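What follows is a single structure, written as structure tokens, with notes after it.
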Amino acid sequence: MKYIPFFGCMMTTKYPQFEAAVRKSVSHVGMELVDVEGFTCCPDPIYFQARDKIEWYTIAARNISLAEDLGHDIITTCSGCTATLSEVNLVLKEDESLRKEVNDRLKEIGREFKGSINVRHAITVLRDDIGVDKVAQSVKYPLNDLKVAVHYGCHLLKPSRVMRVDDPDRPQILDALIKATGAVPVHHDLTLLCCGKACMDDSIPDRMVMDILDTIQEKGVECMGLICPTCFDSFDVKQLILERKYNKSYSIPIIYYFQLLGLAQGYKPQEVGLHLHKIKPDPILKGLELVA
Amino acid sequence: MSPTKNDPAIEKFDIQFSFREKLNSVAEGFRHNYCYQCGACVADCPANNYDEHFNPRLIMLKAILGFEEELLGADSEIWNCTNCYTCSERCPQDVRPIDVIIALKNLSVLQGNAPPIVGNIYNSVLQTGTTTKSSSLVDRRRKELGLSPLGSYPIDEIQKILKVD
């Protein structure tokens, strides 16, 4: 099946290893990615939306309209892009007067939002179109009971009125897909806590992230698995900052879901860019006999 | 933290019902009118759990009563919202407090009181089409990972559909 990938800003520049992991791993489960020229920032659901909501709708609608020309659904791989494109796509489909206001602007560049496709996070496509069983069948080197703390992040699941992916209070989707790689998804009291990245006052996200890291450290997990580059920022790079700032010692590797899947399909750690992470996952790779 | 007669924030303001009209004029701002102050949005709000000064119910109350300066001023608590959307899940009145908070942010921007990052992100999209910068290091990493080089961004189209001052 054909899908139009929307990788956004962070995954194409700051974390290209995630884009590489998606492209490589989904090719083994029958997903064909059709690239579209001319996408811009989704735009950013926090600060751009805070600046001017109508302009936020407009830039997002322009991006969606490019995919509509080809007639395939957009798959998103960043929770921020998911938040923006899913909400704008749904709201503009539902609200005729807003759609007209946005289309009047898009007319300036000869584009129109039609409302003819859907926007879905890539893991939703794995579950619903491909099937967890088929994902499991693509695994050649099961991740031998690797204990992975699940981190859902906010924008895959909420607002559920828009996302319609899973129960936001009892999600299963990422658990099922982690199990498909042979790893063991581990839940804890703060599995669904936000990473706090959007807060202006640093002390709020600092304490949120430390509480999550403290909790999963006590659980004895080997790494954290997630699906959002912003959450990754909060737990990987920031883990080093927090260790220094608050005299902590964590060293918990943070791994994007499609990197886990890629490893299980037989890609080398370097091929999915694990060597680019601040917290090196070498101990778990040794455990999986993936490092010389 | 419920407002009481002893709360100085409550005592020093006159109620400004006209603020409702202003909030109604921005996208999704009208939703604050649906709030009946049940407080369902508070218990699972992570920003509230980590900083009691951030309270979505009180933000809705201040909107209803017209505490414009406090909500839209440079130090407003609205900028500590995590944008997690849990309040939208809990609200029985479809207020969607997060969407009202975003509407308040839009008004704060108009008054020039938003944190610098808001303008920085906006200008970056306006001028480059993206929020992150490319570099020779990015190009090299993409190549090593087997990815094609990044294309150019249609900045002219972006500038045409945004209000260029």
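Would you kindly derive the ³J(HN,Hα) couplings of the range A:95-111 from the backbone phi angles with the Karplus curve 6.51 cos²θ - 1.76 cosθ + 1.60 (θ = phi - 60°), listing them in order in whole Hz, with x for Gly and Pro? Couplings: 10, 5, 6, 5, 4, 5, 4, 5, 5, 4, 6, 5, 4, 3, 10, x, 10 Hz.
Here is the list for the range A:1-48: GluC sites (Glu not before Pro) lying in DSSP coil, each with at most 15 other C-beta atoms within 10 angstrom of its C-beta, are A:E37. The residue list A:S251, A:G266, A:T215 was ranked by how far each Cα lies along the charge dipole of the range A:140-287 toward its positive end, using unit charges on Cβ atoms, and A:G266 comes out on top. Averaged over peptide A:140-146, the number of partner chain Cβ atoms lying within 10 Å of each residue's Cβ comes to 0. Take the Cα of A:Y246, go 7 Å toward its beta carbon, and none of the backbone nitrogen atoms of the range B:74-117 fall under 12 Å from that spot. Taking trypsin sites (Lys or Arg not before Pro) across the range A:107-153, the ones in a DSSP loop with at most 15 further Cβ atoms lying within 10 angstrom of their Cβ are A:K114, A:K140.
Report, in whole Å, the centroid distance computed from the Cα atoms of the range A:237-284 and the range B:28-83. With the range A:237-284 and the range B:28-83 each reduced to a Cα centre, they are spaced 36 Å.
Selection among B:L61, B:T82, B:N33 by position relative to the dipole of chain B gives B:T82 as farthest towards the positive end (Cβ unit charges, Cα centre).
Remark on chain B: B:C35, B:C38, B:C45, B:C81, B:C91 stand apart, with no other cysteine beta carbon under 4.7 Å. Against the main long axis of the alpha-carbon atoms of chain A, helix A:16-26 sits at an angle near 90°. Relative to the 2.2 N^0.38 Å rule of thumb, chain A has a C-alpha radius of gyration ratio of 1.00. I want to make sure I understand the PRE zone here: with the label point 7 angstrom from the Cα of A:K93 toward its beta carbon, which residues in the range A:39-66 have backbone N atoms less than 18 Å away? Inside the label zone: A:57-58, A:60-66. Of A:K147/A:K179; A:K197/A:K245; A:K53/A:K93; A:K2/A:K179, which pairs sit farther than 20 Å apart, going by alpha carbon to alpha carbon? Going by Cα-Cα distance, A:K2/A:K179 fall outside the 20 Å limit. With the biggest extent put first, the Cα atoms of the range A:46-128 measure 37, 29, 21 Å across the principal axes.
Legend: distances between Cα atoms for B:K62/B:K105; A:K24/A:K280; A:K107/B:K105; A:K24/A:K158; pairs beyond 19 Å are A:K24/A:K280; A:K107/B:K105; A:K24/A:K158. Taking every residue in B:128-137 and counting other chain Cβ atoms within 10 Å of its Cβ, the average works out to 5. Scanning chain B for trypsin sites (Lys or Arg not before Pro) lying in DSSP loops with no more than 15 further Cβ atoms inside 10 Å, the longest uninterrupted stretch between such sites is B:13-132. Evaluated with a Cβ-only charge set (Lys, Arg +1; Asp, Glu -1), the range A:207-292 carries a dipole of roughly 240 debye about its Cα centre, given to the nearest 20. In the range A:243-292, the residues whose accessible area drops by at least 40 square angstrom when the other protein chains are added to the isolated chain are A:L276; the probe is 1.4 Å and only protein heavy atoms count. In a simple Cβ point-charge model (Lys, Arg +1; Asp, Glu -1; nothing else charged), chain A has a dipole of about 380 debye relative to its Cα centre.
Note on the range A:140-287: Cα-only Rg and Dmax are 14.9, 45 Å.
Take each residue of peptide A:191-198, count the partner chain Cβ atoms within 10 Å of its Cβ, and average: the result is 5. Charge dipole (Cα centre; +1 on Lys/Arg Cβ, -1 on Asp/Glu Cβ; no other charges) of chain B amounts to roughly 560 debye. In summary, the aspartates and glutamates within cross-link reach of A:K140, defined as a Cα separation below 18 angstrom excluding same-chain residues under 8 places away, comprise A:E271, A:E289.
On the beta carbon distance between B:S18 and B:S152, with R0 = 51 Å, the FRET formula returns roughly 0.60.
Under Stokes-Einstein, with the Kirkwood radius over Cα pairs standing in for Rh, what whole-number D in µm²/s applies to the range A:51-200 at 25 °C and 0.890 mPa s? Diffusion coefficient, whole number: 143 µm²/s.
For the range A:14-62 and the range A:147-174, what is the separation of their Cα centres, given in Å? The two parts, judged by their Cα centres, are 19 Å apart. Work from the charge dipole of the range A:1-100 (Cβ charges, +1 for Lys and Arg, -1 for Asp and Glu, about the Cα centre) and give the residue of A:T77, A:L92, A:A50 farthest towards its positive end. Positive-most Cα among the choices belongs to A:T77.
Over the residues of chain A, the helix contribution to mean residue ellipticity at 222 nm works out to -13000 deg cm²/dmol, using -39500 (n - 2.57) for each DSSP H run of at least 4. What the Kirkwood sum gives for the range B:8-110 is a hydrodynamic radius of 13.4 Å, with every pair of different alpha carbons counted.
The values are calculated or read from the model by the stated rules, or taken from the named source; none is laboratory data. Since the structure is predicted, the reported quantities are computational estimates derived from the model, not experimental observations. Virtual Cβ from ideal backbone geometry, glycine too; neighbours counted across all protein chains shown. Remember, those area values only see protein heavy atoms, side chains included, never the ligands or the DNA or RNA. Shrake-Rupley method; radii C 1.70, N 1.55, O 1.52, S 1.80 Å.
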